[in-house]
Amino acid sequence: MTRIISNLQAVHDAIAQAARMAHRQKENIELVAVSKGFSADAVREAHQAGQLAFGESYIQEAINKIELTRDLPLQWHFIGPVQSNKTRAVSAHFTWVHSLDRLKIAERLSKQRPSNLPPLNICIQVNVSGEDSKSGIAPEEVTELALAVARLPQLKLRGLMTIPAPAEEPETQRIPFFKLHQLMRQINKLGLSLDTLSMGMSHDLCAAILEGATIVRIGRAIFGERIYGENQ
Ligand SMILES: *Cc1c(COP(=O)(O)O)cnc(C)c1O
């Protein structure tokens, strides 16, 4: 068994264990394998172990990899900052965008989504830890953006995403994830039906699952340390 395949197995085991602790079904937690910084061959290897969903942060790197794996039935998730001049490429190549934080970008993605593709699944990225350096919209502004995005025809608003400030203690890690879940509940009270919490990375997967993550985005624990690729 190769390293990527055994790592993937270990991540699935960690998800199953956290799900048991949370009294949740592991089937309700989707694993997105974050392949940024790794080659198309690494993606192929993960696919051989059954992995179908992959996350990328940089559009040109992503498009190259998508082209090189065209023969595989993969699903691509864009998780990096979306710039206006990249919306056309993002809307053409991805099934999910996790990192939406502005209405202007949402409008472009909706307008540019090719009509032969289903609506683009969207998560709004929220800065729940309140750090200036992190991307994402402030919690107070999420409701207004969510209501506007939900009206765009070629987008399907699915939920919220966050990258919290780094924390060591599992109990501390849970706080921002709890806040994101609360925010989703509040938004749903207004009549939307968000079903996705995209939260949890290699170092805080368990805390995220305990607080209700439905998608975890895992890179290093599957592919190893990146030589580059930190976008936060
Ligand atoms: C890189 C990245 C990840 C994966 O992080 P790891 O620490 O490698 O698991 C998840 N989400 C986003 C938005 C990222 O940029």
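Observations, loosely collected:
- Against the numbered list (1) over 18 Å from residue 79 (Cα atoms); (2) within 16 Å of the ligand (Cβ to nearest atom), residue 159 comes up short only at (1).
- Residues that are surrounded by 18 or more Cβ atoms within 10 Å (Cβ to Cβ) and not in a helix (DSSP H, G or I) within region 1-20 are absent altogether.
- Inter-residue pairs, beta-carbon under 7 Å, first under 28 Å from residue 116 (Cβ atoms) and among the small types (Gly, Ala, Ser) and in region 148-166, second outside any helix (DSSP H, G or I) and more than 16 Å from the ligand (Cβ to nearest atom), 6+ apart: 150/157; 150/192; 159/194; 159/195
- Looking at 120, 68, 72, 103, just one residue is of a type in the set (A, V, I, L, M), more than 29 Å from residue 167 (Cα to Cα) and touching a residue at least 40 places away in the same chain (Cβ under 8 Å), and that residue is 103.
- Tally, over region 171-189, of residues that are exposed (fewer than 15 other Cβ atoms within 10 Å of the Cβ) and either over 22 Å from residue 21 (Cβ atoms) or touching a residue at least 40 places away in the same chain (Cβ under 8 Å) (or both): 3
- Residue under evaluation residue 163, criteria (1) surrounded by fewer than 16 Cβ atoms within 10 Å (Cβ to Cβ); (2) in a loop (DSSP other than H, G, I, E, B); (3) under 19 Å from the mean Cα position of the chain (by Cα), criterion not met: (1)
- Only one entry of 47, 23 meets the criterion of being assigned to a helix (DSSP H, G or I) and out of contact with any helix residue (DSSP H, G or I) (no Cβ under 9 Å at 6 or more places or on another chain), and that entry is 47.
- Among (1) among the hydrophobic types (A, V, I, L, M, F, W, C); (2) over 25 Å from residue 86 (Cβ atoms); (3) under 17 Å from the mean Cα position of the chain (by Cα), the one test that residue 155 misses: (2)
- Region 132-164, residues that are more than 17 Å from residue 198 (Cβ to Cβ) and at pLDDT below 95: 132, 133
- Restricted to region 169-232, the set of helices (runs of 4 or more DSSP H) holding at least 1 residues that are more than 9 Å from the ligand (Cβ to nearest atom) comprises 170-189, 205-210.
The values are calculated or read from the model by the stated rules, or taken from the named source; none is laboratory data. Fair warning: this is a prediction, and the values are worked out from it, not measured in the lab. Here Cβ is always computed from backbone atoms with ideal geometry, including for glycine, and neighbour counts include all displayed protein chains.
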